[in-house]
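What follows is one structure encoded as structure tokens, with my remarks underneath.
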Amino acid sequence: MQQATAALVEQLGLPAPAAATPRRNREGGLAHLPKHPLDPLCAQEYEQVARACKEHALALGLDPATLRFNGVNAQEPVKYEVLAFLRGEGPRPRRTALAIMELFAQNAVVEAVVDLEARPPCVTAWKQMEGVQAALTPDDVLECEAVLKRNARFRAVMAQRYGITDVDSQLAVDPWYSGFRYGSPEGRVLQCLLYRRSSPDDNHYAHPLDCIVFYDFHTDKIHDVVFHGGEQGRTIPAEDSNFHRSLVDRPWRTSLKPLDVVQPEGPSWSVEGNVVTWEGWQFHLGFSWREGMIINDLKFCDQGRMRPVMYRGALAEIIVPYGEPRPPFELKCAYDIVDYGLGLCANPLEVGCDCLGLIKYFDAVVSDSRGRPHTIRRAVCMKEEDAGMAWKHYEYRNGHTEVRRNRRLAVKFIATIANYEYAFQWLLHLDGTIGFEANLTGIVSTHALFPEEHAAGGQPQWGTLVAPGVNAHIHQHFFQVRMDMAVDDPDGGACLQVVEVEAEPMPLGPANPHGVGFDITQRVLARESEAQRMCAPERSRVWKVQNPRVLNPVTGKPVAWKLMPGSPCPPMLAHPTSSHATRGAFATKHLFVTPYHPKEFNPAGDYPLHPDPEQNRGIADWVKADRNLDGADCVLWYTLGLTHVVRCEDWPVMPVEVLSFHLKPWDFFTQNPTIDLPPIPNKRTIDFDLASGAKGGASGGLAASCCAATARSCCGGGPGACTCQPGACACAKGQPGRAPEGAASCCAKPATAEPALQASSRL
Ligand SMILES: [Cu+2]
């Protein structure tokens, strides 16, 4: 196995594993290093990285105070080295970090590698690049708004055109990257979208200004100010549209009863460090400033044998191109991962709100722009959820039923990207299904109308009128997920095939004389040029990742996992020659397949804000090599998406829109892996009608409401307040009643019993 690993490393032109730390994976030997080689950096390591980078900058004659840390991560070791170490067959990969920094005084970007095992930790590589721009960070966004509001020219424009004199309280600034309009030599130019705010908690997107300011906050230079609304644009849409609890102008509804998720015996998962085990599944939870949550080394224990499924799965890139073609909106296109760093924008989750039930939370530690560690409390949540019926058969001849409930482990994080919220979750099911969901919510991006739209009665041409004078532009969302499949290979899927499977009707003929026949076609996607595919639901198209080295004993065919598109995914509608489609080429196909390469993680390139022709520009460039995929270490890049034509119901805050796809085992197991689920009915499920006496009870009426629907007040009323016995009941007011049949268990409970009507996820 070690020989195979060495050969693959050599094939990829990587440094030999011997360069790694020559220490074995044994207990007690590496106390200062994390338990798992893929663990994210801890707070102490972030401090070490910042210190090493600042010392190195000083040694180079640079002012350390001018360094801005845009993204700091543990440098991910080569897959084969990680797996060899985890098997106990190789040395621990050396612990290093990659810091991407902005030298804003030089308008340059630096990539620094810090050796965290050196004493003291030190920079071992320092690469300065001109002509690219690093990601924005949340600190950049806040600083840009603050600095722009101090700019005298900007304040004068706001006062003269709009009458806004108190920019601090009356104005909100959303900085977006400005795309191709300004080249990197001109600096870090952001397009600042502007909104008036009626009060501190006001939804300012209801009051868009007809103005975009192109601005470099490092130099405090305004490159351009563009007004698009004509004379009418001076009048800002005035109608408030709010969702903040202090500003909603409708009374709260009072009809909803509590719905609790309880697990009285605790969860079924176990967690050790960042390794999670649950009902056969096992994975390592990672986190990066760029991607957010990462699922590493996902395996399934099949009757005692741990079988690899996916080495690494994470959201890789998002692009949101807008459809308004008129300037200045031809630049409106958000790269929601690289624009701000999806991990950096992760929310601290609210207990009792973002996830319900018994939750395991994971904190995330990231670096702020000064290199200081910042902990995002409860950045990732994990919980068990009922997942509906697992399987069932009702034997109609004798009325016997066999039915089991499915369950899933949901691992989720939520990020706020300016106006939008995205929740992403991996869903591991008992039956082997892996789900991925993107949930879209937040506030749609709005703009003031153009003069011709005012003239046309206030109707926007490329969007939806969500309030008088407020246009929510038509746009698309594309989410690309990178999945490095393993499929029963302890070497991480070193020899796989991706097969496109379709169903097609048979032609009429001797083999199909009645015209009812249809068949399945399978085609190996043998090279990268063949593996750039679109969904085709009319052909039931799916993609199967199979391991030809492991055959299913029942079928005699390779074990496999199939990728099943879920939500209908549109093609990108921007013209192929447009900047949206060229910079976002990764989203112009629903599926790419590439062979594993340890430096290929960013499908839009490492620096898509201002890509340099010499830099890594992403998957569109990688696949030009047309590498072999037949028997290769295949990586799937799947894009799910949505064309968002805004509805009134999306305003003022958007109901969650769900996009999803699934990975399912295909001849991976020898039978349904949930056949061992025990036939135990859920004890807290209640037949409401039976319990309330609407059917089957002896008397109903007074007794029913006493013993079931208001069981707490009846049974929990204290000694002597009421008496409830199966079959006979007297309520607190002394009115006798007779408990119906279904109320017996309620009435037999002790006085401190839980409410009878309670939902439960427990099987
Ligand atoms: Cu949208």
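The values are calculated or read from the model by the stated rules, or taken from the named source; none is laboratory data. Given the structure is predicted, the values throughout are model-derived calculations rather than measurements. Cβ sites come from the backbone with ideal geometry, for glycine too, and all protein chains shown count toward neighbours. These accessible areas exclude ligands, DNA and RNA; they are computed on the full protein's heavy atoms, side chains included. Shrake-Rupley method; radii C 1.70, N 1.55, O 1.52, S 1.80 Å.
Please calculate how many Å² of accessible area region 494-555 carries per residue, with a 1.4 Å probe and no DNA, RNA or ligand atoms counted. Before the final figure, lay out the partial values.
On the way: 3490 Å² over 62 residues.
Here the residues of region 494-555 average 56 Å² of exposed surface.
Give me the percent relative contact order of region 220-290, please, defined on Cα pairs under 8 angstrom at least 6 residues apart.
Working: 24 pairs, mean separation 8.2, N = 71.
Worked out over region 220-290, it gives 12 percent.
Students often get this wrong: which residues of region 488-503 have the backbone nitrogen under 17 Å from the point 7 angstrom along Cα-to-C-beta of residue 549?
488-498
Take peptides 319-325, 116-122 and line them up by average Cβ neighbours within 10 Å, highest first, as a rough protection proxy.
Values: 319-325: 21.4, 116-122: 15.3.
Most protected by this proxy first, the peptides run 319-325, 116-122.
So for region 138-234, Kirkwood radius off the Cα pairs, Stokes-Einstein at 25 °C and 0.890 mPa s: how many µm² s⁻¹?
Details: Rh = 13.6 Å.
Reported coefficient: 180 µm²/s.
Taking the Cα centre of region 357-459 as origin, work out the dipole magnitude from +1 charges on Lys and Arg Cβ and -1 charges on Asp and Glu Cβ, in debye rounded to 20.
Working: 13 positive and 12 negative charges, 123 e Å.
Dipole size: approximately 600 debye.
Output wanted: per-residue J couplings in Hz (rounded whole) for region 595-602, from phi through Karplus 6.51 cos²θ - 1.76 cosθ + 1.60, θ = phi - 60°, x for Gly and Pro.
Those phi angles translate into x, 4, 9, x, 10, 9, 10, 10 Hz.
Any chance you could list P(r) for region 251-408, counting all Cα-Cα pairs in 10 angstrom bins from zero, rounded to whole %?
8, 23, 28, 23, 12, 4, 1, 0
Where the only charges are on Cβ atoms (+1 Lys, Arg; -1 Asp, Glu), what is the dipole of region 126-280 about its Cα centre, to the nearest 20 debye?
Details: 16 positive and 23 negative charges, 110 e Å.
Computed about the Cα centre, the dipole is about 520 debye.
When we measure straight from the Cα of residue 624, which lysines land under 27 angstrom away, once same-chain ones fewer than 8 places off are left out?
Straight-distance partners of residue 624: 79, 127, 544, 562, 589, 599.
Could you compute the net charge surrounding residue 275? Neighbours are other residues with a C-beta less than 12 Å from the C-beta of residue 275; K and R count +1, D and E count -1.
Numbers: positive: 35, 299; negative: 39, 272, 297.
Local net charge: -1.
Which whole-number percent is the relative contact order of region 331-440 (Cα, under 8 Å, 6+ apart)? It would help to have the intermediate numbers written out before the result.
Details: 203 pairs, mean separation 22.4, N = 110.
Across region 331-440, relative contact order equals 20 percent.
For region 229-268 and region 422-475, what is the separation of their Cα centres, given in Å?
Each part's Cα centre sits 17 Å from the other's.
Students often check this: by mean Cβ neighbours within 10 Å, which of 548-555, 657-664 ranks highest, and how do the rest follow?
Ranked by mean Cβ neighbours within 10 Å, highest first: 657-664, 548-555.
Relative contact order, percent, of region 138-234 when contacts are C-alpha pairs under 8 Å separated by at least 6 residues? Intermediate values should be presented prior to the final figure.
Details: 146 pairs, mean separation 21.9, N = 97.
After rounding, I find 23 percent.
With unit charges on the beta carbons (Lys and Arg positive, Asp and Glu negative) and the dipole taken about the Cα centre of region 275-367, which residue among 367, 306, 351 sits farthest to the positive side?
Value computed over the given set: 306.
Let me know the charge dipole size of region 246-301 about its Cα centre in debye, to the nearest 20, where only the beta-carbon of Lys, Arg (+1) and Asp, Glu (-1) is charged.
Numbers: 5 positive and 7 negative charges, 67 e Å.
Result for region 246-301 is approximately 320 debye, rounded to the nearest 20.
When the accessible area of region 477-599 is split by element with a 1.4 Å probe, what percent falls to carbon and sulfur?
Working: 3160 of 5320 Å².
Answer for region 477-599 is 59 percent, counting heavy atoms of protein chains only.
For region 67-158, take the convex hull of the Cα atoms, compute a quarter of its surface area, and give me that in nm², please. Write down the numbers at each step before the final one.
Values: hull surface 34.9 nm².
Projected over every direction and averaged, the Cα hull of region 67-158 covers 8.7 nm².
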